[in-house]
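What follows is calculated from the coordinates using simple rules that are stated; it is not laboratory data. All values reported here derive from a predicted model rather than from experimental measurement. Backbone-built Cβ (ideal geometry, glycine too); neighbour counts: all protein chains shown.
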Amino acid sequence: MENISIIKPKFPVKLEFSDNLKTLISSSEEINGYIFENQNIEDIKKDFLEINNCIFKNCTFQNIKIDRFSLMDVIFENCDLSNFKFSDNGIHRVEFKNCKLVGSDYSGSILNNVLFSSCNCTYINLSFSRFKNILINECNFTGGSIISSKLENTYFENSKLVSVELGNTPLKNIDLSTCDIDGIMITSNELKGVIVNMNQALSLSKILGIIIKE
């Protein structure tokens with residue numbers, strides 16, 4: 001697509017490898033400058049955690065509850081963050097690549113310069129969030145919720161948006177033409193200015209109350 005201007009995560013000259021992710025999360029309020037690989041983290045509850053300048057590869061997070069959470073300059077690659085609660089937090093210059101994000105909760109968060117690429121995001125919750133400079137590429141968002149959100153400079157490419165709820169989320173200038181939007185839950189108010197292909201337009205005409213006679 002044209003005009004995509006996603007700022008990538010920025011890292012120091014050298015990141016340190018660590019095999020103590022659970023210890024760091026349990027004992028610190030800030031994690032900065034590490035690479036974590038092939039680690040399984042579970043059963044952690046914290047009031048606050050800030051993660052900056054880190055790369056996670058092939059890591060699994062289970063039963064993690066963090067009340068206030070901030071991510072900046074972070075890459076998740078081949079990670080499982082299913083049912084992870086990110087709500088009401090800040091996510092800046094973060095990339096999710098080939099990750100499992102089933103049922104994860106980002107509601108009420110601010111997402112700035114975030115990439116979702118080849119991720120399973122079924123039943124994800126992004127409601128009441130603010131998007132700025134977001135690219136969603138070849139992801140499955142089936143059954144997800146993006147209710148009452150603000151989408152600024154947000155791009156959807158070749159993604160599955162089947163049965164996604166988009167109530168009270170204006171789609172002006174949002175291009176959905178390469179996506180599967182079958183069963184999308186939306187009203188005529190949100191459709192103003194949306195960009196779709198011909199087949200999608202025929203399907204969405206039912207929402208607008210238009211009867212097409214062959």
inquiry  = Could you compute how fast segment 132-214 diffuses translationally, taking Rh as the Kirkwood radius over C-alpha pairs and applying Stokes-Einstein at 10 °C with viscosity 1.306 mPa s? Give it in µm² per second.
reply    = 123
task = Which order do the peptides 21-31, 112-122, 158-168 take when ranked by the mean count of other beta-carbon atoms within 10 Å per residue, highest first?
result = 112-122, 158-168, 21-31
ask   = So for the pair Glu42, Glu138, with labels modelled 7 Å out along Cα→Cβ, what separation do we get in nm?
value = 3.1
ask   = Distance from the Cα centre of segment 1-58 to that of segment 124-176, in angstrom?
value = 25
key: Point-charge dipole on Cβ atoms (K/R +1, D/E -1) for segment 94-199, about Cα centre, debye to 20   = 220
ask   = Cross-link partners among aspartates and glutamates for Lys14, C-alpha distance below 19 Å, same-chain residues fewer than 8 apart left out?
value = Glu30, Glu37, Asp73, Glu77, Glu95
ask   = Rounded to the nearest 500 deg cm²/dmol, what is the calculated helix-only ellipticity per residue at 222 nm for the chain, with -39500 (n - 2.57) per DSSP H run of length n ≥ 4?
value = -2000 deg cm²/dmol
ask   = Magnitude of the Cβ-charge dipole of the chain, K/R +1 and D/E -1, about the Cα centre, nearest 20 debye?
value = 380
note = So the FRET efficiency between Asn78 and Leu208, C-beta based with R0 = 35 Å and rounded to 0.05, is 0.25
query = Once the principal axes of the Cα atoms of the chain are found, what is the range along each, listed largest first in whole angstroms?
reply = 65, 32, 24
